[in-house]
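Take a look at the structure set out below.
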Amino acid sequence: MIDPVSGLDDVRNIGIVGGRVEAITTDAVRGRDVIDATGLVVAPGFIDLHDHGVTAETYRFRSLDGVTTTLELELGTADVDAWYRERSAGQIINYGVSIGHIKVRMAVMGDHGTFMPVGDGAYRAPTPADIAEIAQRIERGLSEGGVDIGAGIPYTPAATREELLAVFRVAARTKTPIHVHITPGIGGLKEALSLAIETQAPLHVVHVNSSSLADTPVMLEMIRNARALGNEVTVEAYPYTAGMTEIQSATIQDVYSSAPDDQLGKIEWPRTGERMNRDSFMRYTEIGGPIVVHDNTEEMVSAAITNPLTMIASDGYWQNGTGHPRTCGTYSRVLGRYVREAGSLSLMEAIRKMTIMPAQLLEPRVPAMRQKGRLQVGGDADITIFDAKRVIDRATYREPSLAPIGIEHVIVNGVSVVTSGKPVDGVAPGKGVRAHMPARAY
């Protein structure tokens with residue numbers, strides 16, 4: 001058993017009753033159902049702060065990678081109540097969502113995009129009335145239990161500083177973390193830090209390796225310095241050298257619409273594996289859909305993953321059967337490639353990044369997170385059991401849905417959802433993770 005809160009790394013027996021951990025002991029325990037974990041590692045269930053695959057299918061993918069709680073905190077939703085209602089019949093793992101600036105802006109501006117803004121949500125400058133309505137809708141989403149605020153500055157290039165300040169002020173006033181996809185590069189991080197410092201909003205920088213590329217060490221040092229000055233800044237990373245997003249999104253069109261063929265060759269159409277040129281880029285832009293962007297190096301990914309500041313988060317992405325391998329393999333990849341093979345992370349440190357760090361980020365606002373990310377008597381029985389000698393990811397850009405090996409058992413709220421590496425059919429113990437819901441007054 002490994003628990004990053006207590007530092008325990010030793011053999012124990014664990015008893016579960018009614019979805020909670022009832023006992024952690026060296027004594028023998030009896031139970032109706034028994035898992036023999038001899039030779040395996042028993043850890044708190046993994047918590048993913050950044051998942052765009054929020055369907056029953058992708059929740060099953062995530063469970064096979066050891067994830068017991070997954071949260072859509074960057075893109076989020078424009079209607080928090082409706083989002084939770086859609087999943088209230090039961091899911092295999094725990095789930096939650098932010099109120100998202102991107103989605104709210106799309107609603108206010110009347111953008112017709114389905115996943116990302118492709119029209120006025122991206123490209124129309126706001127009026128003062130628009131800014132007021134965006135801020136009001138974000139406050140409403142928080143009052144409905146949104147886990148936090150999501151934002152993606154490159155996806156809304158027409159958003160003015162006044163608009164972004166209004167969003168950050170809501171975060172500051174409500175003491176809510178704002179999860180931000182920054183504009184790539186040092187300038188983008190400076191912009192986000194400036195907004196956070198001016199408003200005193202808690203800032204969480206998503207997928208720092210994807211936004212920083214060759215500047216990853218420099219930008220991590222900037223975050224460390226901001227924290228040393230007393231600013232609330234946290235950061236996450238995923239263990240892959242390629243990203244994925246929507247080809248019609250502003251962040252792609254603004255960079256690649258006039259790029260030369262050698263730069264376009266970094267983009268892969270994942271349904272065929274084709275690398276793009278000018279003609280294919282224009283053709284696929286008309287069609288729309290997810291693309292893979294091969295623009296990073298393993299050296300920079302490793303710098304992000306192994307930095308003490310970073311949490312692990314997948315940025316899981318899945319659309320109609322097409323997705324990124326991080327949806328199925330993020331956590332097993334860290335355990336297999338960085339802990340066992342490279343030895344650049346200790347097992348305790350990797351589990352800390354996957355469990356208690358994300359839980360502690362959210363727990364001041366989200367009561368449920370106080371019982372997750374740790375193995376303790378009275379805590380939620382969200383548990384991942386894996387073989388440290390075998391665990392490894394298998395998903396690829398050509399076969400992104402391949403499940404990892406070595407994740408042997410996964411328990412959510414005391415119910416087994418993965419047994420001997422296989423999903424358990426007919427169970428849905430996952431619960432909605434929501435923030436405090438104060439009385440509403442708009």
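Taking Cα atoms of the range 207-331, Rg/Rh with Kirkwood Rh, to two decimals? All intermediate terms of the calculation are to be shown ahead of the outcome.
Values: Rg = 15.9 Å, Rh = 15.6 Å.
Using only Cα positions, Rg/Rh for the range 207-331 is 1.02.
Please label the shape of the range 50-97 as rounded, prolate or oblate, based on the square roots a ≥ b ≥ c of the eigenvalues of the alpha-carbon gyration tensor (a/c under 1.5 means rounded; beyond that, a/b larger than b/c means prolate, else oblate). Here the range 50-97 falls in the oblate category. Taken about its Cα centre, the chain carries a charge dipole of about 780 debye when Lys and Arg each add +1 at the Cβ and Asp and Glu each add -1 at the Cβ. Please name which of 19, 168, 99 has its Cα lying farthest along the dipole of the chain towards the positive end, using unit charges on Cβ (Lys, Arg +1; Asp, Glu -1) and the Cα centre as origin. About the Cα centre, the residue reaching furthest to the positive side is 19. In a fully extended conformation the segment linking residue 227 and residue 107 would gain 39.8 nm over its present Cα-Cα distance, using 0.36 nm per residue.
Building the convex hull from the alpha-carbon atoms of the range 150-244 and averaging its projection over directions returns 5.8 nm².
Taking a ≥ b ≥ c as the square roots of the eigenvalues of the Cα gyration tensor of the range 252-385, is the shape rounded (a/c under 1.5), prolate (a/b larger than b/c) or oblate?
Prolate, because a/c is 1.5 or more and a/b exceeds b/c.
Take the convex hull of the alpha carbons in the chain; its mean projected area over all directions comes to 20.1 nm².
In the chain, a dipole from Cβ-located charges (positive for Lys and Arg, negative for Asp and Glu) runs towards its positive end, and of 157, 207, 119 it is 207 whose Cα lies farthest in that direction.
The distance from the alpha carbon centre of the range 377-442 to that of the range 1-55 is 12 Å, rounded to a whole number. In this structure, residue 427 and residue 258 have a Cβ-Cβ separation that, at R0 = 45 Å, corresponds to a calculated FRET efficiency of about 0.30. Scaling the Cα radius of gyration of the range 33-72 by the globular reference 2.2 N^0.38 Å produces a ratio of 1.38. Less than 5 angstrom separates the built amide H of residue 311 from those of 235, 236, 237, all sequence-distant by 5 or more or on a different chain. The simple Förster model, with R0 at 56 Å and r as the Cβ-Cβ distance, assigns residue 419 and residue 214 a FRET efficiency of 0.80. Between residue 88 and residue 27, the simple label model (points 7 Å from Cα in the Cβ direction) yields a spacing of 4.2 nm. Sorted on the mean count of surrounding Cβ atoms within 10 Å across their residues, most packed first, peptides 31-43, 311-323 read 311-323, 31-43.
Over the chain, with a Gaussian network built from C-alpha contacts below 10 Å, which listed residue (88, 63, 212) shows the highest mean-square fluctuation? The residue that fluctuates most here is 88. Size of the range 85-224 from its Cα atoms: along the principal axes, largest to smallest, the extents are 44, 41, 30 Å.
Inter-label distance, residue 360 to residue 320: 4.3 nm, where each label sits 7 Å from its Cα along the C-beta direction.
Quick one: with all protein chains in place, what share of the accessible area of the range 325-378 is carbon or sulfur, to the nearest percent (1.4 Å probe)? Carbon-and-sulfur percentage of accessible area, whole number: 48.
What's the Kirkwood radius of the range 217-264 in Å, using all Cα pairs?
Working: mean 1/r = 0.0721 Å⁻¹.
This gives a value of 13.9 Å.
Annotation: amide H of residue 8 within the under-5 Å range of 3, sequence separation 5 or more or interchain, hydrogens built in the peptide plane.
Does the range 1-111 come out rounded, prolate or oblate, given a ≥ b ≥ c as the square roots of the eigenvalues of its C-alpha gyration tensor, rounded meaning a/c under 1.5 and, failing that, prolate meaning a/b above b/c? Prolate, because a/c is 1.5 or more and a/b exceeds b/c. Charges were assigned to the Cβ only: +1 to each Lys and Arg, -1 to each Asp and Glu. The resulting dipole of the range 294-411 about its Cα centre is roughly 220 debye.
On the beta carbon distance between residue 436 and residue 280, with R0 = 41 Å, the FRET formula returns roughly 0.25.
The values are calculated or read from the model by the stated rules, or taken from the named source; none is laboratory data. Not measured: the values here are computed from a predicted model. All Cβ positions, even for glycine, are placed from backbone atoms using ideal geometry, and neighbour counts span all protein chains on display. Each accessible area value is taken on the protein alone, full model and side chains, heavy atoms only, with ligands, DNA and RNA left out. Shrake-Rupley method; radii C 1.70, N 1.55, O 1.52, S 1.80 Å.
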